[in-house]
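Chemist: Starting off with a structure, shown below.
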Amino acid sequence: MACQALTKGRGIDCNRSSGGVRYLYFSVYDQITSYAFSSGTTSSPSTERVVDTINFGSNDIYRYTVPRGSTTVDEAITGNTEQGTIFYAPQVSMVLNKITKDMQEQMKLMGATQVRIFAQLNEEYTPGGNDVIVALGMVNGMSMNAGTIDSGAAFGDRNGYTLQWDGLEAEPFPMLENYTTTPFDNAGFTNLANIITT
């Protein structure tokens, strides 16, 4: 007998979707004081995997605008039938153009800080609607464990950063509840001081 029954099927969506990441938002891991899934608890999330409550603890989050078509979010699924286990490994690869002294410092801080990452995708909840935002490292956090700083060789080459974060979770990454007008304006998202963009 199965441990848990399936609850839904899926057909072919009649609308096309868009790939890619528009913005990444970084929150220091221990500055979020609480969060809940749409079922109302952290430990027993709903089947929809939607976060509808976050208390940011009167702290800032930090938004990075990434070049179009450069940055990816993915999640590797690893199961073991013999051991009866499965886990999920979210990863973010962020590309930023131009090497700067400010980014050198921020990169050092990123490497020393465990974070939660919110990725605003080009995908929309509904056609013409708001962007989907996925939450990575909500339970165990994300750490920057790889990357490169490249000068380029030819005059037309890109110089800049490719930075990678990874995590390890017992369940797939959730989405944030759809926002009203601007990201994080949800009624259940409280005590967010500022979204720092520069």
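The values are calculated or read from the model by the stated rules, or taken from the named source; none is laboratory data. Predicted model, so just to flag it, every value in this text is computed and none were measured. With ideal geometry, Cβ positions are generated from the backbone for all residues, glycine too; neighbour counts draw on all protein chains shown.
Chemist: Select, from GLY84, GLY57, the only residue that is at pLDDT 95 or above and over 16 Å from the mean Cα position of the chain (by Cα).
Modeler: Among GLY84, GLY57, only GLY57 is at pLDDT 95 or above and over 16 Å from the mean Cα position of the chain (by Cα).
Chemist: Among the residues that make up segment 34-47, is at least one of them in a loop (DSSP other than H, G, I, E, B), β-branched (Val, Ile, Thr), modelled with pLDDT under 90 and exposed (fewer than 13 other Cβ atoms within 10 Å of the Cβ)?
Modeler: yes
Chemist: Do you know which residues across segment 163-193 are farther than 16 Å from THR126 by Cβ and free of Cβ contacts under 8 Å to residues at least 24 places away in the same chain?
Modeler: Those that are farther than 16 Å from THR126 by Cβ and free of Cβ contacts under 8 Å to residues at least 24 places away in the same chain: THR182, ASP185, ALA187.
Chemist: Condition (residue is of a type in the set (Ser, Thr, Tyr), in a strand (DSSP E or B) and over 20 Å from VAL134 (Cα atoms)) applied to segment 86-93: is it met by at least one residue?
Modeler: No, there is no match, as no residue in segment 86-93 is of a type in the set (Ser, Thr, Tyr), in a strand (DSSP E or B) and over 20 Å from VAL134 (Cα atoms).
Chemist: Restricting attention to segment 130-150, does a residue exist that is in a loop (DSSP other than H, G, I, E, B), exposed (fewer than 15 other Cβ atoms within 10 Å of the Cβ) and over 16 Å from the mean Cα position of the chain (by Cα)?
Modeler: no
To keep it simple, each residue is scored yes or no on (1) aliphatic (A, V, I, L, M); (2) in contact (Cβ under 8 Å) with a residue 40 or more places away in the chain.
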| residue | (1), (2) |
| --- | --- |
| LYS101 | no, no |
| GLU105 | no, no |
| LYS108 | no, no |
| THR113 | no, yes |
| GLU124 | no, yes |
| VAL134 | yes, yes |
| GLY137 | no, yes |
| ASN145 | no, no |
| GLY160 | no, yes |
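Chemist: Need the failing condition index for MET110 against (1) within 29 Å of ARG49 (Cα to Cα); (2) exposed (fewer than 15 other Cβ atoms within 10 Å of the Cβ); (3) not acidic (Asp, Glu), just the number.
Modeler: Failed condition: (2).
Chemist: Let me ask another. Checking THR198 against (1) farther than 16 Å from PHE26 by Cα; (2) modelled with pLDDT under 95: exactly one of these is not met. Which one?
Modeler: (1)
Chemist: Hey, among GLY69, GLY160, GLY84, which residue is on the phi > 0 side of the Ramachandran plot and crowded, with 16+ Cβ neighbours inside 10 Å?
Modeler: Result of the check over GLY69, GLY160, GLY84: GLY160.
Chemist: Considering segment 68-111 alone, what residues qualify as being over 16 Å from ALA146 (Cβ atoms) and in contact with a Lys or Arg (Cβ under 9 Å, 6 or more places away or on another chain)?
Modeler: Correct list: ARG68, ASN97, LYS98.
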